[in-house]
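Okay, so here's the structure we're looking at.
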């Protein structure tokens, strides 16, 4: 296979085959020569070897198996080693990209010389539940502009840029995309475009599942800031979950010990940021989602993130102690 203009997709995978099949179908439907596409699926599910992933063998597809203790970064880095393409496309195994995704990524990557990574805009079905609309709205807070961070669900860059960044951080269980794109920003611009789109098939649909996932996502919060510059805009994401939960907890303690004035003060200190974020997101969503759903989102998100951060802190202490 010739490497000129060859696009190599790297897809880390674990578990769900139905979404992976849809992801592969969206790649097969690209408005781009099939012989200029290769796909590497790096899986932690042995059953993949007996699973039919595509109906007509449209794609040049390679399946790699890796141990279950590998992080998602390790899967991606291992996949890159097996590729030959000039361009690297990182997709999650539950992402359905629009047919113009490759051509759009290539066009925007070469529009300006200092662009390093391009990512497409998230969309959801009209019938999607409120939580999915909220997630999509947050993802699209900044469009058709340079951004400070890009989510790892769909990333497009050159192999040369990937080598400069020195790959994904294999020591992180989560937050690896933030770490990777933050490091990439030292070499050039990160661009988020609305000219191509993707559907996150595995997006959170119900709040109970979101709560569990946010605890998991938050466990690498503190590790992700080690050894790199912390931008001021990042600080609220680390501080606010703990601040809100601690303030409301102290407020409850004050009420138990019959200190209503102190209880009210701490209650306002906790509920204030939560309401401010909710009002901002409600306006950002152009009122597609009702305010009660937005409030429920943050009332779920902040406690889960606080628990995840504290869990990660104790894990880090345990590792350092050993």
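Quick look at the values:
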item: Acute angle (nearest 10 degrees) that the helix 235-256 long axis makes with the longest principal axis of the chain, alpha-carbon atoms; result: 30 degrees
item: Extension gain, residue 268 back to residue 65 (0.36 nm per residue minus Cα-Cα distance, nm); result: 68.0 nm
item: Kirkwood-based Rg to Rh ratio, region 232-321, C-alpha trace; result: 1.07
item: Pairwise label distance in nanometres, residue 171 with residue 206, each label 7 Å out on the Cα-Cβ vector; result: 3.8 nm
item: Region 111-166 shape via C-alpha gyration tensor axes, a/c threshold 1.5; result: prolate
item: Neighbour-count order for 55, 177, fewest beta carbons within 10 angstrom listed first; result: 55, 177
item: Using a Förster distance of 22 Å, the FRET efficiency for residue 287-residue 146 (Cβ separation, nearest 0.05); result: 0.20
item: Cα Rg, Dmax, region 79-189, angstrom units; result: 14.4, 42
item: Region 1-133 pair-distance distribution - Cα-Cα, 5 Å bins, rounded %; result: 2, 10, 19, 22, 20, 14, 9, 3, 1, 0
item: Inter-centroid distance (Cα atoms) of region 170-196 relative to region 72-130, Å; result: 11 Å
item: With Cα atoms, 0 to 90° folded angle of helix 72-81 axis to the chain main axis; result: 20 degrees
item: Which of 296, 212 has the fewest Cβ neighbours within 10 Å, and the rest in rising order; result: 212, 296
item: Cα long-axis angle, helix 17-28 against the chain (0 to 90 degrees, to the nearest 10); result: 50 degrees
item: Ranked by how many other beta carbons lie within 10 Å on average, peptides 59-66, 92-99 from highest; result: 92-99, 59-66
item: For the chain: relative contact order, % (alpha-carbon pairs under 8 angstrom, 6 or more apart); result: 18 percent
item: Region 77-220 - share of DSSP beta bridges that are antiparallel (%, nearest 5); result: 60 percent
item: Directionally averaged shadow of the chain, computed from the convex hull of its alpha-carbon atoms, nm²; result: 18.5 nm²
item: Normalised contact order of region 1-142, rounded percent, pairs of Cα under 8 Å and 6 or more residues apart; result: 32 percent
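FYI, it's all coordinate maths here, none of it is from the lab. Computed from a predicted model, the values in this text were never measured in an experiment. Cβ coordinates were reconstructed from backbone atoms using ideal geometry, including for glycine residues, and neighbour counts include every protein chain displayed.
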